[in-house]
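Written below as structure tokens is the structure these notes are about.
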Amino acid sequence: MVRVLLVEDDESIAEPLADGLRRYGITTDRVTTGAEALSAPLGDFVLLDLGLPDIDGIDVCRRLRQVSDVPIIMLTARGDETDRVLGLEIGADDYLPKPFSTRELVARMRAVGRRTRAAVREVAVPENRLGPLTIDERTRQARLAGAPLALTPKEYHLLTLLAADPGAVVDRRRILETVWEPNFFGRGKTLDFHVATLRRKLGDPRWIENRRGVGFRLVVPTDGGYGPPAGRTG
Ligand code: CA
């Protein structure tokens, strides 16, 4: 299990980033200030925002480098190239300008990991296994008991979101905002429709539990959910 220390004061960046990394099997410990970063466990990786409320990110980077060789990737919103150059000079391993996708970040982490410590190579294993269900983020293919599921992009995205934290209820609002977009028009019925088609493709409605009025959660059926009984179609 790969652990990262995310140093980021902006909640709207940190929260979806931690969710996204979880889908790659990466655990995020988050702090919001430079002072906290300097006393926190560093994990396998440090993702460092440069614009922090207390200490400048460049200084945080310099001080971390004095005590550790942990790979550091700077997350920078600044257009100023000198910060990036300075950061790399004082020992950051790479930088990523905001906005970026989780996929881009993980690709950078893999590249940095190849150059640095072997433990980080675990990042290269993006397959999520839940009983007989496997989700391969690399190929964007979900399989049930080895058989590929023919999912639409929305169904796939919905499944990966629920599968990122199995057993946890995901709010309807969060699903709509993540899989569709903020202020998605049409909302509830569309979500229920996609849940229904996804359940049908999973062959067992118990995979996706509806917490009425709250949201949905992914549950591995107790008998494994190995598809529909013989003779049933759909
Ligand atoms: Ca910031």
(message) Test of understanding: among 227, 231, which residue is over 24 Å from the mean Cα position of the chain (by Cα), over 26 Å from residue 15 (Cα atoms), at pLDDT below 80 and open to solvent by 70 Å² or more (accessible area, probe 1.4 Å)?
(response) 231
(request) Could you grab me the full set of residues in segment 56-70 that are in contact (Cβ under 8 Å) with a residue 12 or more places away in the chain and either touching a strand residue (DSSP E or B) at 6+ places or on another chain (Cβ under 7 Å) or part of a helix (DSSP H, G or I) (or both)? (result) 57, 58, 59, 60, 61, 62, 63, 64, 65, 70
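Given the residues 62, 30, which is the only one that is open to solvent by 10 Å² or more (accessible area, probe 1.4 Å), closer than 26 Å to residue 128 by Cα, out of contact with any Pro (no Cβ under 8 Å at 6 or more places or on another chain) and charged (D, E, K, R)?
Only one candidate qualifies: 30.
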(message) Given the condition open to solvent by 70 Å² or more (accessible area, probe 1.4 Å) and either within 18 Å of residue 163 (Cβ to Cβ) or at pLDDT 90 or above (or both), answer yes or no: does some residue in segment 207-221 qualify?
(response) yes
(request) Answer yes or no as to whether residue 23 is within 19 Å of residue 114 (Cα to Cα) and among the basic types (Lys, Arg). (result) no
(request) List the number of the failed condition for residue 76; all other conditions in (1) under 23 Å from residue 101 (Cα atoms); (2) more than 10 Å from the ligand (Cβ to nearest atom); (3) of a type in the set (Ser, Thr, Tyr) hold. (result) (2)
(request) Kindly indicate whether residue 107 is under 24 Å from residue 136 (Cβ atoms), away from the ligand (no atom under 16 Å from the Cβ) and either among the polar types (S, T, N, Q) or out of contact with any His (no Cβ under 6 Å at 6 or more places or on another chain) (or both). (result) yes
(request) Would you tally the residues in segment 71-111 being within 14 Å of residue 13 (Cα to Cα), open to solvent by less than 20 Å² (accessible area, probe 1.4 Å) and part of a helix (DSSP H, G or I)? (result) 1
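So that you can scan it fast, the table gives a plain yes or no per residue for (1) of a type outside the set (Val, Ile, Thr); (2) within 25 Å of residue 20 (Cα to Cα); (3) at pLDDT 80 or above; (4) within 18 Å of the chain's Cα centre (by Cα):
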{"site": "43", "(1), (2), (3), (4)": "yes, yes, yes, yes"}
{"site": "47", "(1), (2), (3), (4)": "yes, yes, yes, yes"}
{"site": "94", "(1), (2), (3), (4)": "yes, yes, yes, no"}
{"site": "105", "(1), (2), (3), (4)": "yes, yes, yes, yes"}
{"site": "111", "(1), (2), (3), (4)": "yes, yes, yes, yes"}
{"site": "117", "(1), (2), (3), (4)": "yes, yes, no, no"}
{"site": "123", "(1), (2), (3), (4)": "no, yes, no, yes"}
(request) Give the number of residues within segment 1-55 that are away from the ligand (no atom under 15 Å from the Cβ), part of a helix (DSSP H, G or I), under 18 Å from residue 67 (Cα atoms) and aliphatic (A, V, I, L, M). (result) 1
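The values are calculated or read from the model by the stated rules, or taken from the named source; none is laboratory data. Treat the numbers as computed from the prediction; the structure is a model and nothing was measured. So basically every Cβ, Gly included, is an ideal-geometry build from the backbone, and we count neighbours across all protein chains shown. The area values use the complete protein model at the heavy-atom level, side chains included, leaving out ligands, DNA and RNA. Shrake-Rupley method; radii C 1.70, N 1.55, O 1.52, S 1.80 Å.
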